[in-house]
Amino acid sequence: MKVTSWSRGLSFSADGSGVVAHAGAVSLRMLADRVGLTAGLSSALTRRGFTAGHDRGRVLVDVAMMIAAGGESIADIDTLRHQDQVLGPVASPPTVWRALDELTPTRLRRLERARARARAHVWGLLPDGRPPAATVAGVCLDPRLVVLDVDATLVVAPSEKEGATGTRKKTFGFHPIGVWCDNTSELLAMTLRPGNAGSNTVSDHIDVLAAAIGQLPAQHRRRLLVRADGAGASHGLLDWLTGLDAKPGRHVEYSVGFAISETVRHAIGLVPAAAWQVAVDADGDVREHADVAALTGLLDQGLLAGWPAGMRVIVRREHPHPGAPLTLFEHRDGWRYQAFVTNTTVGQLAFLEARHRAHARVEDRIRHAKDTGLGRLPSCEYSINQAWLTCVTLAADLTAWLRLLALPEALKPCEPKALRYRLLHVPARLTRGSRQRRLLIPRSWPWAVAVLRTFTRVMAIPAPG
């Protein structure tokens, strides 16, 4: 199929034949085919002695494509079924339900291995065969370093659903936890949890991080930085990360928020005035009225004895914003304090603190995920909602890979909604001639050139093997 542009007005038959409403979304399906994701999923979900009317790998890719284009329920798959002239046969909503219901834990593990193989192919197509370097304070980190951000978020359930419970914020729903790759914005792994699941549950953090690391190509697991907020400050998680760091050929760093306890407050009071260093902002410029200092040597050694060897405690202080909640200790001296721990042994304190604060980017990724399927879980059944979450990770993969491999500079900064308006929802006209099908993008579309360039780059991606 060719993709080009046309300049004349539309003239279609009464039944709308030839109209493709969300033509740009076809690029996501083509991308899944080109990088081997569709074939990998199909192979992973094949069952001996059972021939499905709709290939299950194709069904999941179509669901991911629908989610990336803004679909919020399984019934929204019908938006693709009416474009069969371009896409061919698309599964009906009942078939999608069955496909999601068939994703047992064993099949989900096979599916995750297929995702990992497709990711390895995508990363191999990037310059130097590695993902872009993560940036902090306007500076690129070690290009060999893969940065993983782990965080949990609340998803409100508007009705009774299996596993939905009251949350710590007095709402009702779920508390999924996920891991994002800061280098590429990929959602590597996500686990659905009841709404009352703890923010700092060690086993959940370890399980989702292990799944995320399993998604990385083997050669890119050697140098990792794991970042988390204060919910990750547990002995079990830091001990696990320290154990990974001790493995031959592995270098695993962590940067995790740390609670300001009475012992930490006492240590803050012992910091000499000259020991405070000026902090930097997200652009690497000096941040006024903000300082950082090392607390490790001032803390009670009994406190540090229970934590991994080599852990450093760093604190940041700044003048509070109007209305910011303050403790009595902070009211007393007029500063607001935040602490974190790391096992990184080199680097200026200001840079290490800025590197930790860059974890805040995960909040944007969570917002994007909620706008791409995470915000509305479609079923009353817990297992189907977990399967839906898997499709959300597939949609995040395809969007991230499209940005890495095909999007021109005019579209790369787009958030999900903007990408839909400019690319995925572009209308087109389907024509046939010379034994070819052509998608004609209107020349009047403001981003027509960028759309054509995206399709051209997708079609040029070499297949695996």
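Pull out the extension gain between residue 235 and residue 156, defined as 0.36 nm times the separation in residues minus the alpha carbon to alpha carbon distance; nm, one decimal. Could the numbers behind the result be given before it?
On the way: separation 79, 0.36 × 79 = 28.44 nm, distance 3.01 nm.
Extra length available between residue 235 and residue 156 comes to 25.4 nm.
Ordered by 1.4 Å accessible area with all protein chains kept, 82, 175, 368, 266 run largest first as 82, 266, 368, 175. A simple spin-label model places the labels of residue 98 and residue 415 4.0 nm from each other, with each point 7 Å out along Cα-to-Cβ.
Protein heavy-atom accessible surface, 1.4 Å probe, per residue over the chain: 45 Å².
When 421, 382, 254 are compared by accessible area at a 1.4 angstrom probe, the order from most to least is 421, 382, 254. Computed with a 1.4 Å probe on the full set of protein chains, the accessible area for residue 434 sits at about 100 Å². Straight-line reach from residue 170: which lysines have Cα under 26 Å away, leaving out those fewer than 8 places along the same chain? Filter leaves 161, 370.
Note on exposure: 112, 262, 186, 162 ranked by accessible area (1.4 Å probe, complete protein assembly) read 262, 162, 112, 186, with the most exposed listed first.
Per-residue Karplus couplings for the range 305-315, computed as 6.51 cos²θ - 1.76 cosθ + 1.60 with θ equal to phi - 60°, are listed in order as 4, x, 9, x, 5, x, 6, 10, 10, 10, 10 Hz, Gly and Pro entered as x.
Residue-wise HN-Hα couplings along the range 26-33, as the Karplus relation 6.51 cos²θ - 1.76 cosθ + 1.60 with θ = phi - 60° gives them from phi, are 4, 4, 5, 5, 4, 4, 4, 5 Hz; Gly and Pro carry x.
Which shape class applies to the chain: rounded if a/c is under 1.5, otherwise prolate when a/b exceeds b/c and oblate if not, where a ≥ b ≥ c are the square roots of the Cα gyration tensor eigenvalues?
Working: a/c = 2.09, a/b = 1.83, b/c = 1.14.
Prolate is the answer for the chain, as a/c is 1.5 or above and a/b outweighs b/c.
Treating r as the C-beta distance of residue 21 and residue 270 and R0 as 51 Å, the FRET efficiency rounds to 0.20.
Once backbone amide H atoms are built at 1.01 Å from N, residue 226 has 148, 253, 254, 255 as its partners under 5 Å, excluding neighbours fewer than 5 places away on the same chain.
Put simply, the Cα atoms of the range 172-249 extend 44, 28, 17 Å along their principal axes, the longest span coming first.
Suppose the chain between residue 261 and residue 219 were pulled fully straight at 0.36 nm per residue; how much longer would it get relative to their current alpha carbon spacing?
Values: separation 42, 0.36 × 42 = 15.12 nm, distance 3.96 nm.
Full extension from residue 261 to residue 219 adds 11.2 nm.
Classify the range 225-310 as rounded, prolate or oblate, taking a ≥ b ≥ c as the square roots of the eigenvalues of its Cα gyration tensor: rounded when a/c is under 1.5, otherwise prolate if a/b is larger than b/c and oblate if not. Verdict is oblate for the range 225-310. For residue 403, the solvent-accessible surface with a 1.4 Å probe is about 60 Å², rounded to the nearest 10. Label separation (residue 246 vs residue 125): 4.1 nm, computed from points 7 Å beyond Cα along the C-beta direction. Under the shape rule built on the C-alpha gyration tensor, where the axes satisfy a ≥ b ≥ c, the range 42-143 is prolate, since a/c reaches at least 1.5 and a/b is greater than b/c. The distance between label points at residue 348 and residue 165 comes to 4.7 nm (points 7 Å beyond Cα on the Cα→Cβ vector). Rolling a 1.4 Å probe over the protein chains gives residue 319 an accessible area of about 80 Å². A Förster radius of 60 Å combined with the Cβ-Cβ distance from residue 283 to residue 47 puts the calculated FRET efficiency at roughly 0.65. The phi torsions of the range 154-170, fed into the Karplus equation with coefficients 6.51, -1.76 and 1.60 and a -60° offset, translate into couplings of 8, 10, 6, 9, x, 8, 5, 9, 4, x, 6, 9, x, 10, 5, 9, 6 Hz, rounded to whole numbers, with Gly and Pro shown as x. Net length available on complete extension from residue 207 to residue 107 is 34.2 nm, with 0.36 nm assigned per residue and the Cα-Cα distance removed.
The values are calculated or read from the model by the stated rules, or taken from the named source; none is laboratory data. Bear in mind that the values here come from a model prediction, so they are computed numbers and not experimental data. No Cβ is skipped: glycine too gets one built from the backbone with ideal geometry, and neighbour counts run over all protein chains shown. Side chains included, ligands, DNA and RNA excluded: accessible areas come from the protein's heavy atoms. Shrake-Rupley method; radii C 1.70, N 1.55, O 1.52, S 1.80 Å.
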